[in-house]
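K.L.:
Got a structure for you, written out below as structure tokens; questions coming shortly.
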Amino acid sequence: MVCFRSKLAVFFGTLALVGCAGDVDESQGATTDRTNAAQAAEENTDSVGARAGDIDLNPEGEPIDYLTYGSGAFPVRFDKDTQGTVTAAVLDGRLGYASVSRSPTGPEQPITITVELPAETKFAKFGVPPQSKFGCCRGTHISTVTVEGSNSSPDEGYVKLTSFQVEPNVYEENQLFPASQKPSVRWLRITLEGRQVPDPEDYRGTTFIDLFGYGTQAPVKVGANHFTGRWLTGGGASGENGNRIELIQDGALVTGCGTGGGAKFIISGGVENGLLKYVVSSDTVPVVAVINSENQISGAMIGRSYGRLIGEPGGAPTSCTPGAEPPPNPVGTALDQCRAAIVYGINFDVDSDTIRRDAEPALNQIRVALASRPTMNIVIEGHTDSDATDQYNLDLSQRRAESVVAWLSDNGVSAEAITALGKGEAEPIADNGTLAGKASNRRVEVEPSC
């Protein structure tokens, strides 16, 4: 499960490298202990700080919201043509108003969204954030929220967990509502109806801010090859011209290839507590994603917007499909282009600079790239999210950067050209106000003299 602990548990989930060198053959690399890597990939880092009754807390003592992309919650049933905005509002963890209907008296039909959770969860409370005192949207918010839960399937077996009215004049505090019953559930069916102040003459329509879900969640476990496969991601074609991605998981490392809009791209990512984080080619905007129970891939882009990637299994082979040619090394590709290569999948023990076993494939990918470029001078920068104090983050990022340098040195890369530098939380690449943004900020950037 992905929680607010983030950097305390595995902030170093991202590694970015920048460099430049000539073309080299990187198809040969050191082998890793596949058994250990696979076993470690199934383990779940304990990222819950404490528990207050029937609600999990992060290490800062705040309740963990299990209804966010960053917690691995993604939609599986909704109208993609008309409900994309409201679905993002429910799950993105941001507090801005989103328009969900042009009707000034509420949606013409109830809006129903089904969300899949990454593990069995017992919800104790649901809620919404404070209503804005100012701005365009006072009185326009959805008025009635009903939440049902199922542990059977996304389509049946639901029982009502809560139904509440959102008050229009609560400006300072969250509005929280207890669950009437607390079964273990894997799916939630959320129904939104009405408008706080119906007004046929009001041009502003109906809006929604966010929905919280607090409770306890079982550990999230994924298999060693959970993120290996091919998925169609749109474009209207299933052949060579179809938009698709192919992923290959090795320990906590996930690499891949894809096509979109007629262009080819390389994927570099990793698994942290069951959540996939990746970037595409030279783009620094990260994506968080899961594979749901129907083998669909669901993802959300962090930083620019929260557009979702919904992919069905299938699609033609890509340049990453196992065959005569080895798949591209994203780190080496970036180094040859003298740009940053973000590499996820380097995880650490809780509050420690001890590298976990499932990080070896990601580290080995870097080792192969750097060993081919022995004259490149590089500074490995550790970056955290905003949890804990500035000084704590700075110290931990420094120690973890040093651990990466030590691992590379122990595995044949000359340490003379590599310097470790902890940056802490000073340079985020995504919004630290959301779990998904925090996950994206846990990274390392390796800067060369290029």
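K.L.:
Does Arg400 satisfy the criteria of being touching a residue at least 60 places away in the same chain (Cβ under 8 Å), on the phi < 0 side of the Ramachandran plot and in a helix (DSSP H, G or I)?
P.N.:
yes
K.L.:
Continuing with the same structure: With respect to the numbered conditions (1) of a type in the set (Lys, Arg); (2) touching a residue at least 60 places away in the same chain (Cβ under 8 Å); (3) out of contact with any strand residue (DSSP E or B) (no Cβ under 6 Å at 6 or more places or on another chain), which one is the sole condition not fulfilled by Lys277?
P.N.:
It is condition (3) that Lys277 fails.
K.L.:
Of the conditions (1) of a type in the set (Val, Ile, Thr); (2) part of a helix (DSSP H, G or I); (3) under 24 Å from the mean Cα position of the chain (by Cα), Val405 clears all except one; give me its number.
P.N.:
(3)
K.L.:
At pLDDT 90 or above and over 24 Å from the mean Cα position of the chain (by Cα), is that true of Gln131? Reasoning before the result, please.
P.N.:
Details: at pLDDT 90 or above: no; over 24 Å from the mean Cα position of the chain (by Cα): yes.
Judged against the criteria, Gln131 is not a match.
K.L.:
Conditions: (1) assigned to a loop (DSSP other than H, G, I, E, B); (2) at pLDDT 55 or above; (3) surrounded by 15 or more Cβ atoms within 10 Å (Cβ to Cβ); (4) on the phi < 0 side of the Ramachandran plot. Ser47 meets all but one. Number of the miss?
P.N.:
(2)
K.L.:
Let me ask you something else. Go through (1) surrounded by 24 or more Cβ atoms within 10 Å (Cβ to Cβ); (2) assigned to a loop (DSSP other than H, G, I, E, B) one by one and return the number of the condition Gly256 breaks.
P.N.:
(2)
K.L.:
Here's another thing I want to ask about it. Among Val100, Val115, which is assigned by TED's automatic domain parsing to the domain that holds Leu176 and either over 24 Å from Lys438 (Cβ atoms) or assigned to a loop (DSSP other than H, G, I, E, B) (or both)?
P.N.:
On the way: Val115 fails: either over 24 Å from Lys438 (Cβ atoms) or assigned to a loop (DSSP other than H, G, I, E, B) (or both).
Exactly one residue qualifies, and that residue is Val100.
K.L.:
In the range 283-314, how many are at pLDDT 80 or above, in a loop (DSSP other than H, G, I, E, B) and touching a Ser or Thr at 6+ places or on another chain (Cβ under 9 Å)?
P.N.:
Residues meeting the conditions: 5.
K.L.:
Of all the residues that make up the range 186-209, how many are of a type in the set (D, E, K, R) and over 13 Å from Gly139 (Cβ atoms)? Lay out the reasoning, then the answer.
P.N.:
Restricting attention to the range 186-209, the residues satisfying the condition of being of a type in the set (D, E, K, R) are 186, 189, 193, 195, 199, 201-202, 204.
Narrowing the set further to residues that are over 13 Å from Gly139 (Cβ atoms) leaves 186, 189, 193.
Selection size over the range 186-209: 3.
K.L.:
Only residues that are of a type in the set (A, V, I, L, M) and under 22 Å from Lys125 (Cβ atoms): list them for the range 51-87, please.
P.N.:
Going residue by residue through the range 51-87, those that are of a type in the set (A, V, I, L, M) are 52, 55, 57, 64, 67, 73, 76, 86.
Correct list: Ala52, Ile55, Leu57, Ile64, Leu67, Ala73, Val86.
K.L.:
If you don't mind, there's one more thing I want to ask. Looking for whichever is under 17 Å from Ile429 (Cβ atoms), modelled with pLDDT of 90 or more and touching a strand residue (DSSP E or B) at 6+ places or on another chain (Cβ under 9 Å) here; the options are Gly270, Gly251. Which one fits?
P.N.:
Values: Gly251 fails: under 17 Å from Ile429 (Cβ atoms).
None of the other options fit; the residue is Gly270.
K.L.:
Which one is surrounded by the fewest Cβ atoms within 10 Å (Cβ to Cβ) among residues in the range 50-96 that are among the β-branched types (Val, Ile, Thr) and modelled with pLDDT under 90? Spell out the reasoning first.
P.N.:
Within the range 50-96, the first condition is being among the β-branched types (Val, Ile, Thr), and the residues that meet it are 55, 64, 68, 76, 82, 85-87, 90.
If we keep only those that are modelled with pLDDT under 90 too, we end up with 82, 85-87, 90.
On the way: Thr82: 13, Thr85: 15, Val86: 24, Thr87: 25, Val90: 29.
Going through the qualifying residues, I end up with Thr82.
K.L.:
Six or more apart or on different chains, Cβ atoms under 7 Å: show the pairs whose first residue is in the range 92-106 and at positive phi and whose second is of a type outside the set (Ser, Thr, Tyr) and modelled with pLDDT under 90.
P.N.:
Gly93/Gly70; Gly93/Leu435; Gly93/Ala436
K.L.:
Tell me, yes or no, whether the range 370-385 has at least one residue that is assigned to a loop (DSSP other than H, G, I, E, B), under 24 Å from the mean Cα position of the chain (by Cα) and either basic (Lys, Arg) or surrounded by fewer than 20 Cβ atoms within 10 Å (Cβ to Cβ) (or both).
P.N.:
no
The values are calculated or read from the model by the stated rules, or taken from the named source; none is laboratory data. All values derive from a computational prediction rather than experimental measurement. Methodologically, a virtual Cβ is constructed for each residue, glycine included, from the backbone with ideal geometry; neighbour enumeration extends over all protein chains shown.
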